[in-house]
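Enquirer: Shown below is the structure under consideration.
Throughout, read-outs are computed from the coordinates displayed, never taken from laboratory work. Keep in mind that what you see is a predicted model, and the values were worked out from it rather than measured. Cβ placement follows ideal geometry from the backbone for every residue including glycine, while neighbour counts extend to all protein chains displayed.
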Amino acid sequence: QVQLVESGGGLVQPGGSLRLSCAASGSIFSIYTMDWYRQAPGKQRELVASITSIGSTNYADSVKGRFTISRDNAKNTVYLQMNSLKPEDTAVYYCKYMSLGYVSWGQGTQVTVSS
C-alpha cells in the first residue's frame, strides 16, 4: 500500500502563491503517475495537473501558465507550485498515486483564495 500526506494549503490573497506538497510512503513502484485534483464546494473533483515517472506533465486549461507540478523522486514527493491564484482556485486539493492499476488518495488540503 501507498500512503499520501498533503501539506501546504492555507489562505492566500488573489494574486498570491502557495506550494503544495504530497509525500508518498509505503510500497512505491518505480513507474507511477501522481496527480493533483481539486474539489470546490458543490462541484465535481477535477484533475489539475499530473506528472509521470519520467517527468511528463499535463495541466488543466484553467491552470496552465500559473501552476507547475514537479517531483523529487529521492523524497517520493510531488509538489504543486501555484502562482497568480484566483478566487476560483479555492478548493480542497488532493494528490493521487497510480501505478499498475493501484490507486491511492491523500486526505486533501484546503486552499482558500480570498481578500
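Enquirer: Can you give me the Cα centroid spacing of region 75-115 and region 1-66 in angstrom?
Expert: 4
Enquirer: In addition: Net charge around R45, counting only other residues with Cβ within less than 11 Å of its Cβ (Lys, Arg = +1; Asp, Glu = -1)?
Expert: Surrounding charge for R45 is +1.
Enquirer: Give the residue list of trypsin sites (Lys or Arg not before Pro) in region 50-113 that are DSSP loop and have at most 14 other beta-carbon atoms within 10 angstrom.
Expert: Hits after loop and neighbour filter: K64, K75.
Enquirer: Right, next: In nm, what is the difference between 0.36 nm times the number of residues separating N83 and V103 and their Cα-Cα distance?
Expert: 4.4 nm
Enquirer: Something else: How big is the dipole moment of the chain about its Cα centre under a simple scheme where the beta carbon of each Lys and Arg is +1, that of each Asp and Glu is -1, and everything else is neutral? Debye, nearest 20, please.
Expert: Its charge dipole is roughly 60 debye.
Enquirer: I want to verify a result. In a Gaussian network model of the chain, Cα cutoff 10 Å, which of these has the top mean-square fluctuation: L85, L100, L20?
Expert: Maximum among the listed residues: L100.
Enquirer: What shape does region 41-108 take by its C-alpha gyration tensor, where a ≥ b ≥ c are the square roots of the eigenvalues and a/c under 1.5 counts as rounded, a/b above b/c as prolate, and the rest as oblate?
Expert: Since a/c reaches 1.5 but b/c is at least a/b, the shape of region 41-108 is classed as oblate.
Enquirer: While we're here: Can you give the FRET efficiency to the nearest 0.05 for T52 and R19, using r as the Cβ-Cβ distance and R₀ = 35 Å?
Expert: Calculated value: 0.95.
Enquirer: Could you name the lysines whose alpha carbon sits less than 25 Å from that of K43, not counting residues in the same chain fewer than 8 places away?
Expert: K64, K86, K96
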